[in-house]
Amino acid sequence: MLYVATVLLATASVALAQQSEWGQCGGIGWSGPTTCAAGSACTALNDYYSQCIPGAAPPTSTASAPSTPTATGALARLGGVNTAGYDFSVATDGSFTGTGVTPPASQFSHFANEGANLFRIPFAWQLMTPQLGGSIDQSFLSRYDATVQSALNSGPNVFVIVDVHNYARWNNGIIAQGGPTNAQFISLWTQLAAKYGNSQRVIFGIMNEPHDIPSVATWVDTVQQTVNAIRAAGAQNFLLLPGSSWASAQAFPTEAGPLLVKVTDPLGSTDKLIFDVHKYLDSDNSGTHPDCTTDNVDVLTTLVSFLTANGNRQAILSETGGGNTASCEQLLGNELAFVKNNYPSLAGFAVWAAGAFDDTYVLTVSPDGNTDQPLWVQAVRPNLP
């Protein structure tokens, strides 16, 4: 009986040491389980992240865990596209008058087959919770989730950013600064955490492009409270922390960055707190012109230096883009190549935009049938992971 008990105890220990499907199982900085549950294999996506992928072949080698454990390891190398539609008619003052347009599901497999492994899916806050601070509208959530699942199902390594696209506002009121309370905003995220907290390939984009914020310090406190609430709800997803000035990559190192680096994660490490930055390439950085005038390499070089100097943190360029013009094909290509070559400081990018945009939109990368836009072919596709 002692022998049987010993065998059962050893078997139980092995089971407890196994990671579930889609969970992290290795990489630099990882100290958790390195074996996977039956039916999945620990597959190295990069030096910093290995994942239990169902049916995958085991990797030829894995990085050894360091003697000093950290919580999670870096975000995988990502590259893809914004698939817009549920955000249509959200104004920059946070007001909303529309019903949203569902992005074509066929785009996810189209782009994933070409190497994309990231889709950012923006939505209007008012669509998700029609009453400020109230319950999520289950009809809209079902519609939105169908889109999320289409994206996730387009490939085993595909990630999705769930993005609240309201500029830190609700109907012209800034969160915790004369508008919605922190509690009303946090209510949205605790409900989303309950929905998506078990999917480690869903990344939470806390807020799109806060701008003209009277107190950046107060906004950072809102971010901290939101992080705390998401973790209290049990979700361990990667979280995107936005700064101010339209999430400007250029302003980040001197404006919100020095405060956001102090945001802590109840998980015990900042590895899953990723800085969310945007940068366009046209003359006024608005993303409204077809021509590009810069490749932003100088701006991103400064950003990488800031990230390195502040604990080797990560940022993601979740919005950038240009028109289907020769200048943008060249300059956006330069920018995205810089992002790709500066992993892990820069985890990746999502270009703006596809989804429900047609080929008349100035920055469209929506395919025309099965034919890709020139910008996608020349600048984006060569720099996908």
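Taking 7 Å steps out from each Cα toward its Cβ at Asp145 and Ala217 produces label points 4.1 nm apart.
Once amide H atoms are built 1.01 Å from N in the peptide plane, which residues 5 or more positions from Leu241, or in another chain, come under 5 Å H to H? Close amide H contacts, sequence-distant or interchain: Ile274, Phe275, Asp276. Given their separation in residues at 0.36 nm each and the Cα-Cα distance between them, Val377 and Ala183 gain 65.4 nm when the chain is fully extended.
Net charge near Phe252: determine it from the other residues with C-beta under 12 Å of the C-beta of Phe252, scoring Lys and Arg +1 and Asp and Glu -1. So the surrounding residues net to 0.
Each of Glu255, Glu209, Glu114, Glu335 has its accessible area taken with a 1.4 Å probe; listed largest first, they run Glu255, Glu114, Glu209, Glu335. Once the C-beta distance of Thr97 and Asp291 is scaled by a Förster radius of 30 Å, the resulting FRET efficiency is 0.45 to the nearest 0.05. In this structure the amide hydrogen of Asp265, modeled in the peptide plane, comes within under 5 Å of no amide hydrogen from residues 5 or more places off or on another chain.
Taking Cα centre as origin and charging only the Cβ of basic (Lys, Arg, +1) and acidic (Asp, Glu, -1) residues, the dipole magnitude of region 233-302 rounds to 340 debye. In summary, the lysines within cross-link reach of Lys195, defined as a Cα separation below 27 angstrom excluding same-chain residues under 8 places away, comprise Lys272. A 1.4 Å probe, protein heavy atoms only, puts the accessible area of Asp212 near 110 Å².
Here Asp358 and Asn153 are evaluated by their C-beta separation; at R0 = 25 Å the FRET efficiency comes out at 0.55.
The slack in the chain from Ser283 to Asn172, taken as 0.36 nm per residue of separation less the alpha-carbon distance, amounts to 37.2 nm.
Taking the DSSP bridge list for region 78-383 and keeping only pairs wholly inside it, about 10 percent are antiparallel.
May I ask for the net charge around Gln149, where only other residues with Cβ less than 15 Å from the Cβ of Gln149 are counted and Lys, Arg are +1 while Asp, Glu are -1? Charge balance near Gln149 sits at +2.
Here the gap between Ser305 and Asn198, fully extended at 0.36 nm per residue and compared with their Cα-Cα distance, gives a gain of 35.2 nm.
Which net charge results when you count Lys and Arg as +1 and Asp and Glu as -1 among the other residues whose beta-carbon is under 15 Å from that of Gln330? Here the count lands on -4.
The values are calculated or read from the model by the stated rules, or taken from the named source; none is laboratory data. Keep in mind it's a predicted model, so treat the numbers as computed, not measured. Using ideal geometry, Cβ is built from the backbone for each residue, glycine included, and neighbour counts are taken over all protein chains shown. Quick note on the areas: whole protein, heavy atoms, side chains included, nothing else; ligands and nucleic acids left out. Shrake-Rupley method; radii C 1.70, N 1.55, O 1.52, S 1.80 Å.
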